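Student: Just dropping this structure here.
The values are calculated or read from the model by the stated rules, or taken from the named source; none is laboratory data. Given the structure is predicted, the values throughout are model-derived calculations rather than measurements. Cβ placement follows ideal geometry from the backbone for every residue including glycine, while neighbour counts extend to all protein chains displayed. The protein model used for the area step is the full one, side chains on, heavy atoms only, and it has no ligands, DNA or RNA in it. Shrake-Rupley method; radii C 1.70, N 1.55, O 1.52, S 1.80 Å.
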Amino acid sequence: MSTRLSCVILNYNDAETTEKLVRQIADYEVLHQIIVVDNASTDDSLEQLGKLKEIKKIRVIAADRNGGYGSGNNLGVRYDADQGATHVLIANPDVVFSEQSLKAMLAVFARHPEVGIVTTRIHDARFPDLKNGWPLRSFTRELLSMGPMSRRLFGRTFDYPDSYFAGRSAVYVGAVHGSMLMVDSEKFLEAGGYDEGIFLYEEEQILGRRMQNAGYRSVLLLNQHYDHEHSASISKSFSDAMKRQKLREESTLYYMKHYLHINPLQEQIAKLWFAGIRMEMRAAKLVGMKI
């Protein structure tokens, strides 16, 4: 079967950003089709995105409801697979990437049949040291990765060491950032795709575990990159930091219960930890400190 690459872009109340990305990549020859999924926007996004239909390779489809990040992207990947896509690029509206990077990512799949996910390094102005690949973490390390203070104190203990990346063009990783990644559509669907039991957050860990459980691996290309305006779309939809934190806590508990199989005592520890994080956030806000 010949390789056929499509792109899925999930839109929610952010048609301007989505349209900008679509027009940037519309001429990429490596892309056979671009699917824009409107995730039941509450503004006039669907009407605005209708203008994109003038571009032949663009399809705009509307979700019946906003079931979250995973639900919307699953809809797009399934649609692409039904249209004959062997691989699908899942991209947030607020990313910028080159056609060269897409070709390099496809080349990994061609050489390594065990690979189910490929991504590249990420450039993010807000987080210049952001790693776009991390190990699948234990219960304790997952909690430590969430706390503003614990993240600063123990960050190096739950990520790959710098030596893991040094001198390499590509590495295997447990999970990758969800803002842009390429999947083998058959393997993605075989593994179950995104878990639609959560609305937002923790998708990366869950997808990484699902792929791993299905016998597939994730690869981070270190000689390619994409740019990301960090959480621009999310912040527009969930402008309150505390609301975003509570949503993250709900998703994390779901992940821990269903994938880390925590016991009732661990669940109570997690809830106490989350309460401590919210206290940190409130204290930081009072003194004007960024966390």
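Student: Can you give the FRET efficiency for T3 and D240, using 1/(1 + (r/R0)^6), R0 = 30 Å, r = Cβ-Cβ distance, to the nearest 0.05?
Tutor: 0.10
Student: Compactness ratio of the range 88-146: Cα Rg over 2.2 N^0.38 Å, N = residue count?
Tutor: 1.40
Student: Please list, in chain and number order, the residues 5+ apart from N132 or on another chain whose amide H is under 5 Å from its amide H, with Hs placed from the backbone.
Tutor: I122
Student: So what's the angle, to the nearest 10 degrees on a 0 to 90 scale, between helix 241-255 and the longest Cα principal axis of the chain?
Tutor: 90
Student: Continuing with this model, one more query. Could you calculate the contour length gain from T140 to L153, that is, 0.36 nm times the residue separation minus the distance between their Cα atoms, to one decimal place in nm?
Tutor: Extending this stretch completely gives an extra 3.3 nm.
Student: Further question: How big is the antiparallel share of DSSP beta bridges in the chain, given as a percent to the nearest 5?
Tutor: 35
Student: So, one more: Taking amide hydrogens as modeled 1.01 Å from N in the peptide plane, which residues meet the under 5 Å criterion relative to G67, leaving out close sequence neighbours?
Tutor: The answer is G72.
Student: To the nearest µm²/s, what D does Stokes-Einstein give for the range 155-226 at 37 °C and 0.692 mPa s, using the Kirkwood radius over alpha carbon pairs as Rh?
Tutor: The Stokes-Einstein estimate is 244 µm²/s.
Student: Another question, then. Using a probe of 1.4 angstrom, how much of the accessible area of the chain is carbon and sulfur, in percent?
Tutor: 51
Student: Same structure again: Helix 69-82 versus the longest principal axis of the chain: what angle, 0 to 90°, nearest 10, using Cα atoms?
Tutor: 30
Student: Could you tell me which label, among (i) 181; (ii) 162; (iii) 131, carries the value of volume of the Cα convex hull per residue in Å³ calculated for this structure?
Tutor: Working out volume of the Cα convex hull per residue in Å³ from the coordinates points to (iii).
Student: Hey, how many Å between the Cα centroid of the range 47-124 and the Cα centroid of the range 185-233?
Tutor: 12
Student: With the cut-off at 27 Å, tell me which of the pairs K20/K56; K57/K187; K20/K57; K51/K243; K131/K187; K187/K257 have Cα atoms farther apart than that.
Tutor: Distance filter (> 27 Å) returns K51/K243.
Student: Note the angle between two axes, namely the Cα long axis of helix 203-213 and the longest principal axis of the Cα atoms of the chain, as a number of degrees from 0 to 90, rounded to the nearest 10.
Tutor: Helix 203-213 sits at roughly 80 degrees to that axis.
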